[in-house]
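Each reported figure results from applying straightforward, stated rules to the coordinates on display, with no laboratory input. Keep in mind that this is a model prediction, so the values were computed, not measured. Here the Cβ is made from the backbone with ideal geometry for all residues, glycine too, and neighbour counts use every protein chain on show.
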Ligand SMILES: Cc1cc2nc3c(=O)[nH]c(=O)nc-3n(C[C@H](O)[C@H](O)[C@H](O)COP(=O)(O)OP(=O)(O)OC[C@H]3O[C@@H](n4cnc5c(N)ncnc54)[C@H](O)[C@@H]3O)c2cc1C
């Protein structure tokens, strides 16, 4: 499965309702829809067998009022995979362009209601945010554990690195940031699971990934420094953790965009 939302022209915009629409459009025909357009940066785009696809179904309406979510099967005539993007991190998870030229999608493959695609996004993105936050937390945990291991075996200045106050304090800070990120993710997922009894805070659909990815990026760069010159050497593995952490500053919404989205919930009248 691949989730196909982002387009070259309509990207951060789909996180925040406004006067913009998708360029990929689906026009009604007998028994279904004809889709034309393109998406890019789509995770698993070149490997998936099924795609969730968001397209504009009502011309002249903003996407939060005139877009629809469809299921598209890989073998649909007119559907092709474009470039596979050459990413700096998460290199085993491919991202690709998707191209639609007169693709027919039957009516039964509409998800939710026609012109209510934004609602599908609203329902889907909080779960995706928590999932991304938990993924990047694993990256931070590895960087931290590898740093503790290194500090317990590397001896400089007459003692192990872990016995130097500066290093000890930094490791404690890394430990704290991981704990805070994990607690925040648990709060969001627990509240999502208990919506019947606890009012859901919609800002939690955006913020856990922001915090976890910023923490992971900070922790990965500190981990590299704790490894000294070795941290810069590819075979030690810290540079991979830095590259992979960087992916989460951008994916599932750029952090600044997610903060803006959360601000709209926090400060709404
Ligand atoms: C690793 C990875 C995986 C991804 N996987 C998927 C996927 O599976 N499916 C999918 O659909 N997309 C996917 N994306 C796309 C991702 O969601 C977009 O890259 C992201 O939404 C930002 O779009 P953009 O890159 O065009 O940046 P832009 O929207 O051009 O943003 C550029 C900068 O401007 C800022 N900005 C934008 N709007 C505003 C505003 N109103 N106010 C202030 N600042 C603003 C942004 O925060 C950002 O810093 C993936 C991206 C990456 C890197």
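Observations, loosely collected:
- Each residue in the stretch 3-36 was checked for being crowded, with 19+ Cβ neighbours inside 10 Å and touching a residue at least 60 places away in the same chain (Cβ under 8 Å), and 9 pass.
- Per-region count, the stretch 57-71, residues closer than 15 Å to residue 37 by Cβ and assigned to a helix (DSSP H, G or I): 2
- For the stretch 231-265, the set of residues classified as more than 16 Å from the ligand (Cβ to nearest atom) and in contact (Cβ under 8 Å) with a residue 12 or more places away in the chain consists of 237, 238, 239, listed by residue number.
- Residue in the stretch 58-81 that is more than 12 Å from the ligand (Cβ to nearest atom), within 30 Å of residue 241 (Cβ to Cβ) and free of Cβ contacts under 8 Å to residues at least 60 places away in the same chain present: yes
- Some residue of the stretch 193-201 being in a helix (DSSP H, G or I) and closer than 27 Å to residue 93 by Cα: no
- If the condition is being touching a residue at least 60 places away in the same chain (Cβ under 8 Å) and either surrounded by fewer than 20 Cβ atoms within 10 Å (Cβ to Cβ) or under 19 Å from the mean Cα position of the chain (by Cα) (or both), then the stretch 97-109 contributes 98, 99, 101, 102, 104, 106, 107, 109.
- In this entry, residue 140 is excluded by the filter for residues that are assigned to a helix (DSSP H, G or I) and surrounded by fewer than 17 Cβ atoms within 10 Å (Cβ to Cβ).
- Among residues of the stretch 1-32, those that are near the ligand (Cβ under 10 Å from one of its atoms), assigned to a strand (DSSP E or B) and farther than 10 Å from residue 54 by Cα, counted: 1
- Filtered residues of the stretch 153-167 (kept if in a helix (DSSP H, G or I) and surrounded by 13 or more Cβ atoms within 10 Å (Cβ to Cβ)): 161, 162, 163, 167
- Residues satisfying the stated conditions in the stretch 82-106, i.e. part of a strand (DSSP E or B) and more than 10 Å from the ligand (Cβ to nearest atom): 82, 83, 84, 97, 99, 100, 101, 102, 103, 104, 105, 106
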